[in-house]
Amino acid sequence: MRTIILTDFSSCARNAAEYAIQLLGKDKQFILLNTFKVDILGNSGLSYEDLRQHSQDSLKRERDRLCKQFGMYENQFRLESIEGRVNFLNERLLDELEANLVVMGTEGVSEEEKYIGSTHAGEVVTRLKRNVLVIPSNARFGRLEKVLLATDFQEVNNKVDLDAYLSMVQGTKTHILYIYPNGETELSEHQAAEKSLLEQALRNEAVIFEERRNHKIDEEVRKYVRDHQMEMVVVIPKHNNFFDRIFHFSVTRKLAQTSPVPVLALHGKTE
């Protein structure tokens, strides 16, 4: 399986590519994917073939830059130019590309800020049923020591291949944070059982379980990241019954667009 790195050749996208390679390892296989938009009014004077060729040429330069920087080989990168926006990405295309992780950079938090392909990082995270890693433009890779897993203790073990998760954050201390919403004061019977299963699965790892109370879930996660100097946030977005979950689409979208550290959204397709 390969990792897709979305790029528009900006400094933000280049930083995301560098971060991903350092995190995942320079022996892996990657797909550099660029989307380009055809001017249907013809004002640019460029045809589809012109734009596609420009995209391919830019992808080759980016591949060569990464190969030189990390001592990698050209055959470790597959180059893909697709007409449209990033929201053109869908499960069928990702299956065809044999990709299990999508990486993208994000520039900022304001509504005016645009992201790769003129779409928000939060849209990609919540729309794709695929693992997505969002990397803020100011994030610089260093050895991961503290990772925050924000969870609602709902089907954690069924949704995520924990071995794959642990391999990505190997050797780190994992903080597992649950935030009580809407005045709740204790875990349900199901959540308590799920927490126990998670404790057993992580019994050989350095794990800290934490609980907080705040109806603004994303705000509390960001505060925890700042206060405890977390280096990555991991979330598990829900694609069903999300009105009954605290980590539904809106929370994940906000975190992807506002987190000061990289956000890894796990959707369970880790094989």
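The values are calculated or read from the model by the stated rules, or taken from the named source; none is laboratory data. Small disclaimer: the values here were computed from a predicted structure and weren't measured. Because the Cβ atoms are built from the backbone with ideal geometry, glycine has one as well, and the counts that use them run over all protein chains shown. Each accessible area value is taken on the protein alone, full model and side chains, heavy atoms only, with ligands, DNA and RNA left out. Shrake-Rupley method; radii C 1.70, N 1.55, O 1.52, S 1.80 Å.
Do the conditions hold for Asp244, that is, is it closer than 16 Å to Leu149 by Cα and either at pLDDT below 80 or of a type in the set (Asp, Glu) (or both)? Walk me through how you get there before you give the answer.
Working: closer than 16 Å to Leu149 by Cα: no; either at pLDDT below 80 or of a type in the set (Asp, Glu) (or both): yes.
Against the criterion (closer than 16 Å to Leu149 by Cα and either at pLDDT below 80 or of a type in the set (Asp, Glu) (or both)), Asp244 does not qualify.
To keep it simple, each residue is scored yes or no on (1) open to solvent by 70 Å² or more (accessible area, probe 1.4 Å); (2) modelled with pLDDT of 80 or more; (3) farther than 30 Å from Cys12 by Cα.
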site	(1), (2), (3)
Leu197	yes, yes, yes
His215	yes, no, yes
Tyr224	no, yes, no
Ser250	no, no, no
Val263	no, yes, no
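Going through the stretch 71-95 one residue at a time, which ones are in a helix (DSSP H, G or I) and surrounded by fewer than 14 Cβ atoms within 10 Å (Cβ to Cβ)? Can you show your working first?
Step one: list which residues in the stretch 71-95 are in a helix (DSSP H, G or I), which gives 74-76, 86-88, 91-95.
Glu74, Asn75, Phe88, Glu91, Arg92, Asp95, listed by residue number.
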- For Arg143, work out the one condition from (1) assigned to a loop (DSSP other than H, G, I, E, B); (2) under 21 Å from Ala201 (Cβ atoms); (3) modelled with pLDDT of 75 or more it doesn't fulfil. (2)
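For the stretch 1-26, what are the residues that are in contact (Cβ under 8 Å) with a residue 12 or more places away in the chain and part of a loop (DSSP other than H, G, I, E, B)?
Within the stretch 1-26, the subset in contact (Cβ under 8 Å) with a residue 12 or more places away in the chain is 1-24, 26.
Hits for the stretch 1-26 are Met1, Thr7, Asp8, Phe9, Ser10, Lys26.
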- Read through the list (1) at pLDDT below 85; (2) touching a Gly at 6+ places or on another chain (Cβ under 6 Å), then give the number of the only condition that Thr35 fails. (1)
